[in-house]
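Notes for the one structure printed next.
The values are calculated or read from the model by the stated rules, or taken from the named source; none is laboratory data. The shown structure was predicted, so the numbers you read here are calculated from the model rather than taken from an experiment. For neighbour counting, all protein chains shown are included, and Cβ atoms are generated from backbone atoms with ideal geometry for every residue, glycine included.
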């Protein structure tokens, strides 16, 4: 219970794609295409649990209304107030989930199920046979929705129509684990008739194979490394460090693999979505690491936190950096370990930027130096990973064991 | 050449691999090779055989002409078929925990005890193929019945537990049956609405692939073997399991330990914590929806229809409940409601070869002893009743049937 197997979602998606790809390519009407893809997204959520599909239908209905109101009032005197209220409304479910996790999860399932049974009649019984779920994909939906509201407010995007909201909200490949796409990333591809269909299929299939390889060949055998944090007393210092390193690879390959599946599935349909990981463990400094890790999410925070808080100005860049990384950390969980995680990486980013102002690295560094830097950065990142898993009262024991003091 | 992204890989394929995947035919060819590869893997690396005798219940059935066919609850193969022996009279007996006798000293099974009273039918030794699914719900019974009918037994007996039969709060528990039961269910268009509601596309695809590719069909065995091999490789020493009696998890941790979705709904809504344990089954029984508002109606109707259409002699009976629970008029009324509703559905699906014993065993026999509302400690009265019902039903279908039960045990 509460452990949904993400691969189940993708297994269903790929079976559906076997039918959807040719049908979608044959349909030329843009509205019909949007509705078709949206319906598939709803269906995939229904398969997880009808209550989840209903929740997102309600969520995106509200988002659709809000972005329309925000767009219409942006230039008005009270436009900012409306934008602020809309932002609070869009962020509210996710923030509630992060702060009152237990209550939210229980009520989400109970209320969602009641709604499913009320609206679906006898078919609502299906919902009770589905697993109990976390609000899967809520963060990614929230970010997509918030991005839409901001862009509409800033005038970067005109308010979009109901079929466009439906299409954007339920774009099938990104429902569960992202990437955090922007509407502009998928807006045009649905309108144009793709001529290089074979290229799409080829690149999509290659990405899917890459994702499957990362998940099953690399990450699956490393899965048990995530048990290391509950087995501190039973293992030697060497084993703990080895497992921590393996955990870093498990964490990366698993996440990157699923991102490849989502991007590959989009590509099969003819949508070009940017990569979500760019070999982050080979980077040589904290800034390039964060530019290469979960790129769509860091991009979201760069646009909506870093830049507005003066990240591009010398005077306020450090403050913007700290706020951005803290927002990324707090998104994972509002907890003490993630607070420490944020501060730790903020120190890394600020320190690195400060050193850069003092001395620029040579443009053409020798290989051994780059390898040494990448190794040091990997160790820096790896040391922070326990904070994403453990509870507050486990921080001291975990790190004590890792330095051999227990 | 540096490989930085998928376009670089595509270029590499163009240059070094004859533009593999670069043309529609090439994509098709590759997909065909993938299927051929999966087929060859199934031939070259056969999965470890499932030994039915190792099944939990089959330990207790050694030396008997009875087997439980159901596999692990996560195994998508669902069940294992035994080769049909034409020299035996095969009874497929489907049910949940209610077909057990839970006497701690002498545990047993209702079907086996029926076989003991009825060792031969038509001169052939009786063979019991049990589909025993703990915590089975109505759709699970439907899936198992469909499979049982497909194996063409001489008789199908279906145990309907009134506590769950029309309970809308729990219609399916053994979701691993989905791929295995698909070929049996899809042939009847009447089942399609149910399949569309309860099946996923991957269930369908895996079921179709499993029919032809052993490597797909036996994926659970492969995965188990692989997991065991990986576990041996890891240097990590796992901590000992938490000692019993330790602090009970709460909140989300507690939800995470729940095995079934039903546990959650019961804990937080349907059968709240303050209902004492002996009252939980009666409370669940009273939840039965008999006003046509539950999907169970369609499932039961399709199930009986399928049994009738098969022309295979079939008996569906409502299992007995503890008579002492019926002293509560509300519980008794609920059971009557369930019986009457089943009666109405059975009338709509009447068939010559199908007998629906819509009255609960409790109404028909005396002297039943129970551990709780659903589980019998002494099954003898029920076994006697079922034995005689089977014989009379078989004789009604074909008067030449030779079905003579052994005499009843003398009352003490």
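Taking residue B:302 as meeting all but one of (1) over 20 Å from the mean Cα position of the chain (by Cα); (2) part of a helix (DSSP H, G or I), write down the number of the exception.
Evaluating residue B:302 over (1) over 20 Å from the mean Cα position of the chain (by Cα); (2) part of a helix (DSSP H, G or I) leaves (1) as the failure.
Would you check which residues across the range A:212-222 are surrounded by 17 or more Cβ atoms within 10 Å (Cβ to Cβ) and either within 16 Å of residue A:378 (Cα to Cα) or within 11 Å of another protein chain (Cβ to nearest Cβ) (or both) and list them?
Listed by number, the residues that qualify are A:220, A:221, A:222.
In the range A:120-137, is there at least one residue being away from chain B (no Cβ under 14 Å), part of a helix (DSSP H, G or I), under 25 Å from the mean Cα position of the chain (by Cα) and under 15 Å from residue A:41 (Cβ atoms)?
No, the range A:120-137 has no match at all.
Determine which member of the set B:359, B:408 is at pLDDT below 95 and either surrounded by fewer than 18 Cβ atoms within 10 Å (Cβ to Cβ) or touching a strand residue (DSSP E or B) at 6+ places or on another chain (Cβ under 9 Å) (or both).
From the options B:359, B:408, the qualifying one is B:408.
Looking at A:232, A:269, A:205, A:261 in this structure, which one is in contact (Cβ under 8 Å) with a residue 40 or more places away in the chain and more than 25 Å from residue A:17 (Cα to Cα)?
Details: A:269 fails: more than 25 Å from residue A:17 (Cα to Cα); A:205 fails: more than 25 Å from residue A:17 (Cα to Cα); A:261 fails: more than 25 Å from residue A:17 (Cα to Cα).
Criteria check complete, one pass: A:232.
From the set of residues in the range A:102-113 that are under 19 Å from residue A:334 (Cα atoms) and without any contact (Cβ under 8 Å) to a residue 12 or more places away in the chain, which is nearest to the other protein chains (Cβ to nearest Cβ)?
A:102
Right, residue A:240: surrounded by 18 or more Cβ atoms within 10 Å (Cβ to Cβ), closer than 23 Å to residue A:168 by Cα and within 11 Å of chain B (Cβ to nearest Cβ) or not?
Numbers: surrounded by 18 or more Cβ atoms within 10 Å (Cβ to Cβ): yes; closer than 23 Å to residue A:168 by Cα: no; within 11 Å of chain B (Cβ to nearest Cβ): yes.
No.
Would you be able to say whether some residue in the range A:350-366 is within 27 Å of residue A:226 (Cα to Cα) and crowded, with 16+ Cβ neighbours inside 10 Å?
Within the range A:350-366, none of the residues are within 27 Å of residue A:226 (Cα to Cα) and crowded, with 16+ Cβ neighbours inside 10 Å.
Mind checking which residues of the range A:272-291 are out of contact with any helix residue (DSSP H, G or I) (no Cβ under 6 Å at 6 or more places or on another chain) and free of Cβ contacts under 8 Å to residues at least 40 places away in the same chain?
A:275, A:279, A:288, A:291
Take the conditions in a helix (DSSP H, G or I), farther than 30 Å from residue B:401 by Cβ, away from chain A (no Cβ under 12 Å) and touching a strand residue (DSSP E or B) at 6+ places or on another chain (Cβ under 9 Å) and apply them to residue B:144. Does it pass?
Criteria not met by residue B:144.
So how many residues does the range B:305-326 have that are under 18 Å from the mean Cα position of the chain (by Cα) and over 15 Å from residue B:339 (Cβ atoms)?
4
Tell me whether the range B:194-202 contains one or more residues that are in contact (Cβ under 8 Å) with a residue 60 or more places away in the chain, within 14 Å of chain A (Cβ to nearest Cβ), under 30 Å from residue B:349 (Cβ atoms) and surrounded by 14 or more Cβ atoms within 10 Å (Cβ to Cβ). Let's see the steps before the verdict.
Looking only at the range B:194-202, we keep the residues that are in contact (Cβ under 8 Å) with a residue 60 or more places away in the chain, and these are B:194, B:197.
Retained after the next criterion (residues that are within 14 Å of chain A (Cβ to nearest Cβ)): B:194, B:197.
The next check asks that each one be under 30 Å from residue B:349 (Cβ atoms); those that pass are B:194, B:197.
Now narrow it down to the ones that are surrounded by 14 or more Cβ atoms within 10 Å (Cβ to Cβ): B:194, B:197.
Checked the range B:194-202: at least one residue is in contact (Cβ under 8 Å) with a residue 60 or more places away in the chain, within 14 Å of chain A (Cβ to nearest Cβ), under 30 Å from residue B:349 (Cβ atoms) and surrounded by 14 or more Cβ atoms within 10 Å (Cβ to Cβ).
Can you say whether residue B:226 is outside any loop (DSSP other than H, G, I, E, B), more than 10 Å from chain A (Cβ to nearest Cβ) and free of Cβ contacts under 8 Å to residues at least 60 places away in the same chain, as far as the supplied structure shows? Can you show your working first?
On the way: outside any loop (DSSP other than H, G, I, E, B): yes; more than 10 Å from chain A (Cβ to nearest Cβ): no; free of Cβ contacts under 8 Å to residues at least 60 places away in the same chain: yes.
No, not satisfied.
Could you name every one of the helices (runs of 4 or more DSSP H) located completely within the range B:155-200 that has at least 3 residues being over 16 Å from the mean Cα position of the chain (by Cα)? Before the answer, list the steps.
Details: elements: B:162-165, B:177-185, B:192-198.
Qualifying helices (runs of 4 or more DSSP H): B:192-198.
Residue-by-condition table, conditions (1) out of contact with any helix residue (DSSP H, G or I) (no Cβ under 7 Å at 6 or more places or on another chain); (2) touching a residue at least 12 places away in the same chain (Cβ under 8 Å); (3) within 16 Å of residue B:145 (Cα to Cα); (4) within 14 Å of another protein chain (Cβ to nearest Cβ):
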residue: B:296; (1), (2), (3), (4): no, yes, yes, yes
residue: B:300; (1), (2), (3), (4): no, yes, yes, yes
residue: B:304; (1), (2), (3), (4): no, yes, yes, no
residue: B:329; (1), (2), (3), (4): yes, no, no, no
residue: B:365; (1), (2), (3), (4): no, yes, no, no
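So residue B:281 clears everything in (1) buried (at least 20 other Cβ atoms within 10 Å of the Cβ); (2) more than 13 Å from chain A (Cβ to nearest Cβ); (3) modelled with pLDDT of 95 or more except one condition, right? Which one?
It is condition (3) that residue B:281 fails.
For the range B:7-32, which residues satisfy the criterion of being at the interface with another protein chain (Cβ under 7 Å from one of its Cβ atoms) and assigned to a loop (DSSP other than H, G, I, E, B)?
Within the range B:7-32, B:21, B:22, B:23 meet the criteria.
Scan the range B:61-77 for residues that are over 14 Å from the mean Cα position of the chain (by Cα) and surrounded by fewer than 15 Cβ atoms within 10 Å (Cβ to Cβ) and jot them down.
B:62, B:63, B:64
Do you know which residues across the range A:311-327 are within 21 Å of residue A:147 (Cβ to Cβ) and either touching a strand residue (DSSP E or B) at 6+ places or on another chain (Cβ under 7 Å) or modelled with pLDDT under 95 (or both)?
Scanning the range A:311-327 gives A:311, A:312.
Answer yes or no as to whether residue A:278 is under 17 Å from the mean Cα position of the chain (by Cα), under 27 Å from residue A:350 (Cβ atoms) and within 11 Å of chain B (Cβ to nearest Cβ).
So residue A:278 fits the description; yes.
Determine whether residue A:19 is more than 12 Å from chain B (Cβ to nearest Cβ) and surrounded by fewer than 16 Cβ atoms within 10 Å (Cβ to Cβ). Steps first, please.
Values: more than 12 Å from chain B (Cβ to nearest Cβ): no; surrounded by fewer than 16 Cβ atoms within 10 Å (Cβ to Cβ): yes.
The answer is no for residue A:19.
Applying the selection to the range B:362-388, what residues are out of contact with any strand residue (DSSP E or B) (no Cβ under 9 Å at 6 or more places or on another chain) and farther than 23 Å from residue B:408 by Cβ?
Those that are out of contact with any strand residue (DSSP E or B) (no Cβ under 9 Å at 6 or more places or on another chain) and farther than 23 Å from residue B:408 by Cβ: B:372, B:373, B:374.
I need the full set of residues from the range B:230-277 which are facing chain A (nearest Cβ under 7 Å) and outside any helix (DSSP H, G or I), in order please.
Listed by number, the residues that qualify are B:234, B:235, B:236, B:237, B:238, B:239, B:258.
Give the residue, chosen from A:178, A:204, that is within 14 Å of another protein chain (Cβ to nearest Cβ) and crowded, with 21+ Cβ neighbours inside 10 Å. Reasoning before the result, please.
On the way: A:178 fails: within 14 Å of another protein chain (Cβ to nearest Cβ).
The conditions single out A:204.
Is there a residue in the range B:163-174 that is in contact with a strand residue (DSSP E or B) (Cβ under 9 Å, 6 or more places away or on another chain) and either surrounded by fewer than 13 Cβ atoms within 10 Å (Cβ to Cβ) or under 30 Å from residue B:127 (Cα atoms) (or both)?
Taking every residue of the range B:163-174 in turn, at least one turns out to be in contact with a strand residue (DSSP E or B) (Cβ under 9 Å, 6 or more places away or on another chain) and either surrounded by fewer than 13 Cβ atoms within 10 Å (Cβ to Cβ) or under 30 Å from residue B:127 (Cα atoms) (or both).
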